[in-house]
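> One structure follows; several queries about it will come next.
The values are calculated or read from the model by the stated rules, or taken from the named source; none is laboratory data. Quantities reported herein were computed from a predicted structural model and do not represent experimental measurements. Positions of Cβ are backbone-derived with ideal geometry, glycine not excepted, and every protein chain shown enters the neighbour counts. We work out accessible area using only protein heavy atoms, side chains counted, and drop any ligands, DNA or RNA first. Shrake-Rupley method; radii C 1.70, N 1.55, O 1.52, S 1.80 Å.
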Amino acid sequence: QVHLQESGPGLVKPSQTLSLTCSVSGGSISSVDYYWSWIRQSPEKGLEWIGYIYYTGSTRYSPSLKSRVSISVDTSKKQFSLILSSVTYADTAVYYCARMYHLDSRGYVDYWGQGTLVTVSS
Amino acid sequence: QSVLTQPPAVSAAPGQKVTISCSGSSSNIGNNYVSWYQQLPGTAPKLLIYDNDKRPSGIPDRFSGSKSGTSATLGITGLQTGDEAEYYCGTWDNSLSAGVFGGGTKLTVL
């Protein structure tokens, strides 16, 4: 049973950088065809896929966030991280880290963290 | 505005059956498998259906999924009050090269 836990500041000022880390336990972060993902949820936009990273470091990002997002992985610590720069009030959301299976046309999120609320406010 | 379109809300009586639709396009549902998620109030989404119609271990067979063309459907039979939740569809979008979700459907068991 894979367990994911988000950590990081719950409050970020506008124009600053949001930084979150996800710790993985109960499974291998190097599992084949599983990608370590960030997904956020807000009342305005619903569930929004931010991006994911493979254990090798290969990444994909949402086109709408690509210019501001970076996801990294530390396999030795079994952690992966999200950086979102130049945040605005629209980035206020519950941020989930998750494990996503993706191979060819098959894709689904089978494990989710509990989520962490990040509020953008001055 | 979500890439996948779901009805905002559905309702039915306990014991009855309900279906939730998810509409997309050839760049997403039309050429990729669909998954469904259940989100109970105050909790993270939970995988309910994957690969269009498969249930993870522990998900009762009251939940089913299907896909036809660029649309998918989640079916729930024998409705229980505990099924009251938000339900989301998800898939991959080849044009965006990104994961996409529906806007969610709130199920009320009357």
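> Run the 1.4 Å probe and let me know the accessible area of B:ASP53, rounded to the nearest 10 Å².
Number for this one is 90 Å².
> Restrict the search to the stretch B:10-110; then list the chymotrypsin sites (Phe, Trp or Tyr not before Pro) that DSSP places in a loop and that have at most 13 other Cβ atoms within 10 Å of their Cβ.
When the chymotrypsin sites (Phe, Trp or Tyr not before Pro) of the stretch B:10-110 are filtered for loop state and at most 13 Cβ neighbours within 10 Å, nothing remains.
> Need the list of lysines near B:LYS46 for cross-linking: C-alpha distance under 27 angstrom, and skip anything on the same chain fewer than eight residues off.
List returned: A:LYS45, A:LYS66, A:LYS77, A:LYS78, B:LYS17, B:LYS54, B:LYS67, B:LYS106.
> Additional query: Once both labels are modelled 7 Å past Cα along the beta-carbon direction, what's the B:LEU40-A:ASP110 spacing in nm?
With each label point 7 Å from Cα toward Cβ, the separation is 2.2 nm.
> Rounded to the nearest 100 Å², what is the buried accessible area between B and A, both sides summed, probe 1.4 Å?
1800 Å²
> Sorted from largest down, what three extents in whole angstroms do the Cα atoms of chain A have along their principal axes?
Its Cα atoms span 41, 29, 23 Å along the three principal axes.
> Stick to Cα atoms and the Kirkwood definition of Rh, then tell me Rg/Rh for the protein assembly as shown.
0.96
> GNM on chain B, C-alpha springs below 10 Å: top fluctuator among B:THR81, B:THR19, B:THR73?
B:THR81
> Further question on the same structure: What residues in the stretch A:33-66 lose 30 Å² or more of accessible surface when the other protein chains are added to their chain alone (1.4 Å probe)?
Residues shielded by partner chains are A:GLN41, A:LEU47, A:TRP49, A:ARG60, A:PRO63.
> Oh, and also: The stretch A:22-83: percent of C-alpha pairs farther apart than 15 Å?
The calculated P(r) of the stretch A:22-83 puts 50 percent of pairs beyond 15 Å.
> So, one more: How much net charge surrounds A:SER28 when only the other residues with a Cβ under 13 Å from the Cβ of A:SER28 are counted, with Lys and Arg +1 and Asp and Glu -1?
For residues surrounding A:SER28, the net value is +1.
> Return the average number of partner chain Cβ atoms within 10 angstrom of each residue Cβ along peptide B:41-48.
5
> Let me ask something else about it. Give a residue-ordered list of calculated ³J(HN,Hα) values for the stretch B:33-45 (Karplus: 6.51 cos²θ - 1.76 cosθ + 1.60, θ = phi - 60°; whole Hz; x for Gly, Pro).
3J(HN,Hα) across the stretch B:33-45, in whole Hz: 6, 10, 10, 10, 10, 10, 10, 6, x, x, 10, 6, x.
> Within 15 Å, Cβ to Cβ, of B:SER95, how many net charges do the neighbouring residues add up to if Lys/Arg are +1 and Asp/Glu are -1?
So the environment of B:SER95 carries a net charge of +1.
> Report the gain in length on full extension from B:THR108 to B:ASP53: 0.36 nm times residue separation, minus Cα-Cα distance, nm rounded to one decimal.
The B:THR108-B:ASP53 span can extend by a further 17.5 nm.
> Okay, next question. Run the dipole for the stretch B:37-105 about the Cα centre, Lys and Arg Cβ at +1, Asp and Glu Cβ at -1, nothing else charged, and hand back the magnitude in debye, nearest 20.
About 120 debye.
> A further question on this structure: If you take the beta carbon distance between A:LYS13 and A:ILE83 as r and set R0 to 22 Å, what does 1/(1 + (r/R0)^6) give as a FRET efficiency, to the nearest 0.05?
The pair A:LYS13/A:ILE83 has a calculated efficiency of 0.90.
> Starting from the coordinates of the alpha-carbon atoms of the stretch B:54-110, obtain the Kirkwood hydrodynamic radius over all distinct pairs and give the value in Å to one decimal.
13.2 Å
> Check cross-link reach from A:LYS13 to the aspartates and glutamates: straight Cα distance under 17 Å, and skip same-chain residues fewer than eight apart.
Straight-line reach from A:LYS13, under 17 Å: A:ASP91.
> With no solvent and one equal point scatterer per Cα, compute the Debye intensity ratio I(q)/I(0) for chain B at 0.15 Å⁻¹ and report its log10, rounded to two decimals.
-0.57
> Note down the magnitude of the dipole of the protein assembly as shown about its Cα centre, charges +1 on Lys and Arg C-beta and -1 on Asp and Glu C-beta and zero elsewhere, to the nearest 20 debye.
180 debye
> Mean projection of the alpha-carbon convex hull of the stretch A:1-40 over all orientations, in nm²?
That works out to 3.7 nm².
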